[in-house]
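Worksheet for the structure shown next.
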Number of protein chains: 2
Amino acid sequence: MADRGRPRTFDREQALLRAMEIFWEKGFEGTSMVDLTTGMGIGAPSLYAAFGSKEELFRAAVALYVSTDGADIWGALAKAETAYGAIEAFLMESAQKFNRPDKPSGCLVVLSALHATDGNKALRAELVARRSKNTTNLAARLAKAVKNGELPPGTDVDRMARFYVTVQQGMSIQARDGADRMMLEEIARSALAAWGSLAPNGVRYVGASQPL
Amino acid sequence: MADRGRPRTFDREQALLRAMEIFWEKGFEGTSMVDLTTGMGIGAPSLYAAFGSKEELFRAAVALYVSTDGADIWGALAKAETAYGAIEAFLMESAQKFNRPDKPSGCLVVLSALHATDGNKALRAELVARRSKNTTNLAARLAKAVKNGELPPGTDVDRMARFYVTVQQGMSIQARDGADRMMLEEIARSALAAWGSLAPNGVRYVGASQPL
DNA sequence: ATTATTATATATCGATCATTACAGAAAAGG
DNA sequence: CCTTTTCTGTAATGATCGATATATAATAAT
């Protein structure tokens, strides 16, 4: 860290990556300091010197997750030209991320701190806020589509966003319970099948945002 | 329990009900013995004499949940005459159960043991099996509809079942994060909007199982 | 070379975890 | 009555929890 004194003998980024995977797999409360120090290959004092505490390490792990897999998912959404394509990319990219051979399944943010325990109040609040922001992000993309005329005026973008975020969150649980990528993609496509009905003027709204 | 000896001074059923609510709120790993004994109003030896261990108490709590709220949800599904009505009842009953002022939000079975930790392997396997059985149950209802001619032959009932179970599981997370009943019902209706597209011969299949 | 600074390894801290020994209390059977 | 049986309250068990004190090792500055 500093330019003086004994240099650190481990790679902070790589240690954080391992910590992220351990928290992702076992959850915050299910992960012990022994799990972390063993998995990261460092001693407890090194962990505390580099990350502050178990809780702060978890925060750093979440931040890393958001800046990698999270960025990929939201990047896929941003790259799509139509609103339908954006939601489709959001769900399909999620399906790909949620089941990989070398990574824990599902989403770290979605699966963390779903229960309010004695010691996780602050952490849980932060994760609830992150999950809530996902809905806001989706709604913002849909609102843009309404402004563009791609979706009919009066479309309940918040409701639509909540629906698709709910599906993605359910996909995390499905992935945890063993659903493979094909199954997750089928779930995504099933949710997208509702697209035409979620606009107020019924199906067949004339615009760019259509399934096909 | 027995007919001789000092009689039990607490109501076993009521104590189990309290234990269920505590596990439901805080999760298995997030619940301590002190939480349980305090909340149930009994001492640790009484708890062990009546329920065996913390893990067996959790099993009993899950069984109670399944036989009460769970039975209501699946009862609503069974009562419906059409397949569409059955899925609608399943989701709407879930929406009602998932947000009540006096009960923890979401579903005990869906939210429990999503992470694999060191000591919860057996418990997690049981919960994964219970969640999997939900999909099987939904698929069986849809298969009946195919046999009845209510849904077109070749309908992928497993895929449909996985989709609607995924939505219900996502609704548990949404409820945990503060979604009220109206929001949950909107999510349910959004998912049902996909109904017509999930049959193989496209929308407008002639049969009883239609949204309207 | 000496000092200052920082990281590491070992060992340990008090707190809390789930579980249980133990002794006394409350019932039924004799 | 007394014995047997079962439950209750208190206190303690060993294990594990997250977090640190301490001593030593490794670097830069002087």
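Taking only the alpha carbons of the protein assembly as shown, we obtain Rg and Dmax values of 23.2, 78 Å in that order.
Accessible area ranking (1.4 Å probe, heavy atoms, ligands and nucleic acids excluded), largest first, for B:Asp158, B:Asp118, A:Asp3: A:Asp3, B:Asp118, B:Asp158. Considering only B:Met171, B:Met40, B:Met92, the mean-square fluctuation computed in a Gaussian network model of chain B, springs between alpha carbons under 10 angstrom, is largest for B:Met40.
Building the convex hull from the alpha-carbon atoms of the stretch A:76-191 and averaging its projection over directions returns 8.0 nm².
Ligands, DNA and RNA left out, the accessible area of chain B computed with a 1.4 Å probe is 53% carbon and sulfur.
Using a 7 Å projection from Cα along Cα-to-Cβ, the label point at A:Asp11 is separated from the same position in the remaining copies by 6.1 nm, smallest value first.
Near B:Ala2, once Lys and Arg are set to +1 and Asp and Glu to -1 for all other residues with Cβ below 14 Å from its Cβ, the sum equals +3. For the stretch B:43-67 versus the stretch B:164-197, the spacing of their alpha-carbon centroids is 31 Å.
Mean-square fluctuations from a GNM of chain A, with a 10 angstrom spring cutoff on Cα atoms, peak among A:Gln96, A:Gln168, A:Gln14 at A:Gln14. Taking every DSSP helix (H) stretch of at least 4 residues in chain B, weighting each as -39,500 (n - 2.57) and dividing the sum by the residue count yields a mean residue ellipticity at 222 nm of -20000 deg cm²/dmol. The alpha-carbon of A:Lys54 sits under 30 angstrom from the alpha-carbons of these lysines, leaving out residues fewer than 8 places away in its chain: A:Lys26, A:Lys97, A:Lys103, A:Lys121, A:Lys133, B:Lys26, B:Lys54, B:Lys121. Inter-chain Cβ neighbour count for A:123-130, averaged per residue, equals 1 (cutoff 10 Å, partner chain atoms only). Membrane-span-like helices in chain A, defined here as complete DSSP H runs extending at least 30 Å along the helix axis by their C-alpha atoms with mean Kyte-Doolittle hydropathy no lower than -1.0, are A:121-148; this is a sequence and geometry rule, not a statement about a membrane.
Taking only the C-alpha atoms of the stretch A:20-132, the Rg (one decimal) and the largest Cα-Cα distance, Dmax (whole number), read 15.6, 50 Å.
In this Cβ point-charge picture (+1 for Lys and Arg, -1 for Asp and Glu), the protein assembly as shown has a dipole of about 20 debye about its Cα centre. Across chain A, the longest piece that holds none of the trypsin sites (Lys or Arg not before Pro) lying in DSSP loops with up to 15 other C-beta atoms within 10 Å covers A:9-203.
Using the crude model of +1 on Lys and Arg Cβ and -1 on Asp and Glu Cβ, and no other charge, please compute the dipole size for the stretch A:12-198 relative to its Cα centre, in debye to 20. Before the final figure, lay out each step's value.
On the way: 22 positive and 22 negative charges, 74 e Å.
Dipole about the Cα centre, nearest 20: 360 debye.
Hey, could you get me the Stokes-Einstein D for chain A, Kirkwood radius over alpha-carbon pairs, 25 °C and 0.890 mPa s, rounded to whole µm² s⁻¹?
Numbers: Rh = 18.8 Å.
Value of D from the Cα-based Kirkwood radius: 131 µm²/s.
The string of couplings for the stretch A:100-116 from the Karplus curve (6.51, -1.76, 1.60, θ = phi - 60°) is 10, x, 9, 10, x, 8, x, 10, 4, 5, 5, 8, 8, 6, 6, 9, 8 Hz, one whole number per residue in order, with x for Gly and Pro.
The Cβ shell under 14 Å around B:Lys97 holds other residues with a net charge of -3, Lys and Arg each +1, Asp and Glu each -1. Considering only A:Val167, A:Ala125, A:Met183, the residue lying farthest towards the positive end of the dipole of chain A is A:Ala125, judged by Cα position with unit charges set on Cβ.
The values are calculated or read from the model by the stated rules, or taken from the named source; none is laboratory data. No experiment lies behind these values; they were computed from the predicted model shown. Please note: Cβ atoms are built from the backbone with ideal geometry, for glycine as well, and neighbour counts cover all protein chains shown. Heavy atoms of the whole protein, side chains included, go into the accessibility calculation; ligands, DNA and RNA do not. Shrake-Rupley method; radii C 1.70, N 1.55, O 1.52, S 1.80 Å.
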